[in-house]
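A.B. asks: My structure is below; once you've seen it, I'll send some questions.
The values are calculated or read from the model by the stated rules, or taken from the named source; none is laboratory data. All figures in this text were calculated on a predicted structure; none of them were measured in a lab. When we count neighbours, we look across all protein chains shown, and the Cβ atoms used for this are built from the backbone with ideal geometry, even at glycine.
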Amino acid sequence: MNHTEILLVDDDLDDQMFFKDVLSEIYPEIKCNIAGHGLEALLYLNSDIKFPSLIFLDLNMPVMNGFECLQKLKGDNRFKKIPVIIISTSSNPYDMEKAREMGAEHFFTKPADYLMYKENLFRIFKNF
């Protein structure tokens, strides 16, 4: 695993904290940067010298939603090789298929259960 820094793009403060809590338990060495919506993520990426090794992207956000952000990420040569993992409350098959077609490497529905969340993140980090 070569992940030292990732980016979480999610507007929900509770979801941000939950993600960071789970991540710090299984991979305390990984730095998790946060953006509250897609536009903020793009501004962060445009200003940062070191790109994250993974981007976790929510779909339903204000200002710029996850699909819009994913389109921008995969359309920019600087960012298109960064794996994007969709992390959403949606379990709609249409959303899952659309995200994959747009270039997302994985889609998982945010579980409410801590152990399931931990297992999902552990699996993702092992595969990407």
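A.B. asks: Residues of the stretch 68-88 being without any contact (Cβ under 8 Å) to a residue 60 or more places away in the chain and among the β-branched types (Val, Ile, Thr), which ones?
C.D. replies: Ile82, Val84, Ile85, Ile86, listed by residue number.
A.B. asks: What strands (runs of 3 or more DSSP E) lie completely within the stretch 1-78 and have 3 or more residues being modelled with pLDDT under 95 and among the hydroxyl-bearing types (Ser, Thr, Tyr)?
C.D. replies: Passing ranges: none, list empty.
A.B. asks: In the stretch 111-123, which residues are touching a residue at least 40 places away in the same chain (Cβ under 8 Å) and surrounded by 17 or more Cβ atoms within 10 Å (Cβ to Cβ)?
C.D. replies: Within the stretch 111-123, Tyr117, Leu121 qualify.
A.B. asks: Restricting the stretch 76-89 to residues that are in contact with a Gly (Cβ under 9 Å, 6 or more places away or on another chain) and not hydrophobic (A, V, I, L, M, F, W, C), which is surrounded by the most Cβ atoms within 10 Å (Cβ to Cβ)?
C.D. replies: Ser88
A.B. asks: Among the residues of the stretch 44-53, what is the count of those that are closer than 24 Å to Val22 by Cβ and either among the β-branched types (Val, Ile, Thr) or surrounded by fewer than 23 Cβ atoms within 10 Å (Cβ to Cβ) (or both)?
C.D. replies: Selection size over the stretch 44-53: 6.
A.B. asks: In the stretch 90-110, what residues are surrounded by 14 or more Cβ atoms within 10 Å (Cβ to Cβ) and not in a helix (DSSP H, G or I)?
C.D. replies: Matches in the stretch 90-110: Ser90, Met102, Gly103, Ala104, Glu105, His106, Phe107, Phe108, Thr109, Lys110.
A.B. asks: Right, another one. Scan the stretch 79-117 for residues that are under 15 Å from the mean Cα position of the chain (by Cα) and over 26 Å from Phe51 (Cβ atoms) and report the count.
C.D. replies: Of the residues in that region, 4 qualify.
A.B. asks: I've got another one for you. Does at least one position in the stretch 55-64 carry a residue that is closer than 23 Å to Phe125 by Cβ, without any contact (Cβ under 8 Å) to a residue 12 or more places away in the chain, surrounded by 14 or more Cβ atoms within 10 Å (Cβ to Cβ) and of a type outside the set (S, T, N, Q)?
C.D. replies: No, that holds for no residue.
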